[in-house]
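So the structure is just underneath, and the comments pick up after that.
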């Protein structure tokens with residue numbers, strides 16, 4: 001018996017223009033490869049997938065003149081458990097996440113609740129660069145040039161009621177695109193929170209970019225919180241929900257291990273994590289540890305928020 | 001077949017490879033954003049893996065009847081010790097710049113550090129008595145001394161479990177492997193030798209027929 005070959009469908013035949021273009025493609029690929037090699041040796045690595053340069057960024061206050069952590073390190077060494085628990089997993093897995101369109105639900109004790117497209121959330125806010133120290137609870141740190149705007153300006157637009165005392169923020173829940181959420185490592189979705197006066201502090205910003213470009217997904221695109229006087233896990237990423245509440249919100253790491261991660265989570269070298277010291281930190285790019293500063297060096301701006309509080313109890 | 005292969009050199013290369021790769025990565029900038037922690041983490045993991053490999057020798061030998069695992073047991077144990085020492089030294093260097101005062105204080109301040117230190121320190125007497133003469137001199141005491149490796153492996157797994165933040169999956173996998181390896185030793189002897197049933201009985205040398 002002779003088997004007949006299946007007929008070749010015309011839509012599987014290479015189009016003539018494509019076929020004729022193959023030399024051009026090869027030439028371009030060659031030029032591209034050379035360019036890539038040259039670029040790799042001269043410049044820092046190409047920006048992560050999907051980032052775009054942001055126009056009209058003005059310099060913001062509270063900057064530091066410390067050496068900035070390289071773009072590559074900032075975008076490849078991440079704690080973002082939604083994409084996996086290793087440091088390298090987020091930069092490998094996050095590019096699958098669709099961040100456009102994006103909307104944010106604003107609710108609770110506000111005068112103007114609703115679900116707003118990201119463009120409407122961002123539109124009125126001029127963007128500024130804030131070069132902040134970032135201290136992880138795991139005792140490493142970076143210096144990152146964020147692009148964003150004060151959280152206070154955003155919250156005021158939605159008219160918090162007189163009852164509002166806390167802000168609760170939540171990350172997207174999307175196990176299909178966030179493979180880390182397929183395991184119960186944490187109680188998804190990720191939730192963080194601040195006392196309202198902390199949220200209104202001029203240091204607290206909503207970030208949309210870093211190094212002058214839109215946020216790579218592994219850094220919390222398209223919208224994240226940055227509260228530089230607190231451990232990094234407070235600076236929640238890829239925010240889809242903001243609620244103003246009367247009660248202190250239950251926050252993810254605090255739920256996971258209440259004796260290890262407090263609601264406040266202020267950087268404090270004098271209060272060790274129950275399992276390890278917080279007195280020192282490794283600045284990414286350096287070999288030896290340096291001393292950790294109280295409130296990550298932002299005491300001047302935030303000490304008054306905690307006047308009279310026992311920071312060993314409210315860690 | 002296994003007799004023909006140069007088992008010792010092969011196992012040596014396999015056990016030394018992680019150290020070579022870590023070193024190569026360090027000199028070519030491939031340890032990532034945090035090279036000190038990468039060196040500490042990777043050397044620690046290899047210490048634990050080689051400890052488990054050492055503990056797998058006896059089950060492997062009894063289940064398969066192979067003899068070669070026994071010939072590489074000492075080498076595996078010494079490599080585990082080597083990675084343990086590198087792990088501890090790298091921690092001491094990058095965490096404390098080798099200043100012994102703060103280093104010592106830190107060790108006893110934090111449970112996971114104390115547990116890890118005891119595991120490495122406990123390997124010192126084992127490594128120091130790993131040569132043939134010590135084996136002969138110590139006799140039955142050598143066996144008793146070297147049984148502490150069960151405890152040291154358990155301390156190593158505990159150390160790992162205590163330092164992860166929330167994702168305990170990997171430490172639990174190592175704990176499971178260790179439980180299997182230690183549990184095997186609690187089985188009755190015939191069960192440990194269950195593999196014998198699958199193999200033809202070893203041929204005994206035929207005796208010359210008795211003379212009249």
- Message: Looking at chain B as a GNM with Cα springs under 10 Å, which of B:13, B:113, B:162 has the largest mean-square fluctuation?
- Response: B:13
- Message: Cut-off is 10 Å between beta-carbons; in what order do B:141, B:66 appear when sorted fewest neighbours first?
- Response: B:141, B:66
- Message: Just to confirm my numbers, what's the Cα centroid distance between region B:86-153 and region A:177-224 in Å?
- Response: 42
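Could you work out, residue by residue across B:27-38, how many beta carbons of other chains sit within 10 Å of that residue's beta carbon, and then give the average as an integer? Don't jump to the answer; show the numbers that get you there.
Values: counts 0, 0, 0, 0, 0, 7, 15, 9, 4, 6, 7, 1.
Per residue, the number of nearby Cβ atoms from other chains is 4 on average.
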- Query: Counting partner chain Cβ atoms within 10 Å of every residue's Cβ in B:92-98, what's the average?
  - Reply: 3
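Most exposed first by the Cβ proxy, i.e. fewest other Cβ within 10 Å, how do A:168, A:176, A:72 rank?
Numbers: A:168 21, A:176 9, A:72 16.
Least to most surrounded, the residues fall as A:176, A:72, A:168.
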- Any idea how far the Cα center of region B:21-39 sits from the one of region A:269-315, in Å? 28
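So for the protein assembly as shown: antiparallel DSSP bridges make up what percent, rounded to the nearest 5?
Details: 38 of 46 bridges.
In the protein assembly as shown, approximately 85 percent of DSSP beta bridges are antiparallel ones.
Determine, for A:128, A:286, the number of other Cβ atoms within 10 Å of each Cβ, and report the residues in order from fewest to most. Each step should come with its number before you reach the end.
On the way: A:128 18, A:286 15.
Listed from fewest to most nearby Cβ atoms, that is A:286, A:128.
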- Message: What whole-number distance in Å separates the alpha-carbon centres of region B:155-192 and region A:77-154?
- Response: 39
- Mind telling me which of B:151, B:118, B:126 comes out most flexible in a GNM of chain B, alpha-carbon contacts under 10 Å? B:151
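Calculate the mean, over all residues of peptide A:75-86, of how many other protein chain Cβ atoms lie within 10 angstrom of the residue's Cβ. Let's see the in-between values first.
Details: counts 1, 2, 4, 1, 1, 0, 3, 0, 0, 1, 6, 2.
Mean inter-chain Cβ contacts per residue within 10 Å come to 2.
Grab the beta carbon distance between residue A:103 and residue B:111, set R0 = 51 Å, and tell me the FRET efficiency rounded to 0.05. Provide the component values of the computation, followed by the final result.
Details: r = 46 Å, r/R0 = 0.89.
After rounding, the FRET efficiency stands at 0.65.
Bear in mind these aren't lab numbers, they're just calculated from the coordinates by the rules spelled out. Everything numeric here is computed off the predicted structure, so don't read it as measured data. Every residue, glycine among them, receives a Cβ derived from its backbone with ideal geometry; neighbour counts consider all protein chains shown.
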